[in-house]
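I have placed the structure first, in the form of C-alpha cells, so that the comments after it can refer back to it.
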C-alpha cells in the first residue's frame, strides 16, 4: 500500500507529521507520497506553492514530496496512477467528505485512511458512510491528538512568538530563514 497525503501545508506542523507516521504504522504502508496542493480550490493560502513545497520537504525529509497541480483530489487521482493507494485525511475532514468533488469516484480510485482521536464519537461518521457507494473503502485508525493548526503557527510567527513543539525544527528554521508569516493578514 502507498499512502497519499495531500494538503496545502501552509505551514506543515507536527500534527501532519504524526498523521503520516501513524498511518505508516497502523496501515502498514510500504511507501508514501506527500502532495503539496499548488492551487487549492477550497481554501486561501498565505504563501506561494514553491515556498510551501520547501516547507513540506523540511517536514518530511524521508518522504517523496511533490507539488500537486490539481486543486481537487479526484483530478490528481485520475491523472496519476498508484498501486494500492490510501489517501490520508483527518476525522474532521472526513466529516466533509461528501462535499468533495465526486467522493464516490475518489473511492473508486483509492481507499481513504481516516485518522481519528481515541474516544472520537464514531457515530458522527455514520451519516457520511451512509451516503457513500463504497463505505468499505474507508479505513479508520487512531491517532493521539496533536493540538496544533497551521493558522495557529502563522499567528504565533506574526506575533513574534516561538513555534517550538508545534512544527518540526527544520520547518521552524525554514520559516525563519524565509521570513514568512511575520505579518498577519
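What follows draws every value from the coordinates through simple rules; no lab data is involved. Since we're looking at a predicted model, the values are computed, not measured. Positions of Cβ are generated from backbone atoms using ideal geometry, with glycine treated the same way; all protein chains shown enter the neighbour counts.
Here is how the numbers come out for the structure above:
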{"quantity": "Compactness relative to 2.2 N^0.38 Å, alpha carbon Rg of region 4-80", "calculated": "1.05"}
{"quantity": "Rounded tilt (10° steps) of 169-178 against the dominant C-alpha axis of the chain", "calculated": "60 degrees"}
{"quantity": "Dimensionless Rg/Rh of the chain - Kirkwood Rh, Rg from C-alpha atoms", "calculated": "0.96"}
{"quantity": "Geometric extent, Cα atoms of region 86-185 - Rg, Dmax (angstrom)", "calculated": "17.4, 48"}
{"quantity": "Per-residue Cβ neighbour rank within 10 angstrom, fewest leading, 76, 51", "calculated": "51, 76"}
{"quantity": "C-alpha long axis of helix 14-27 to longest principal axis of the chain, angle in °", "calculated": "30 degrees"}
{"quantity": "C-alpha long axis of helix 49-59 to longest principal axis of the chain, angle in °", "calculated": "90 degrees"}
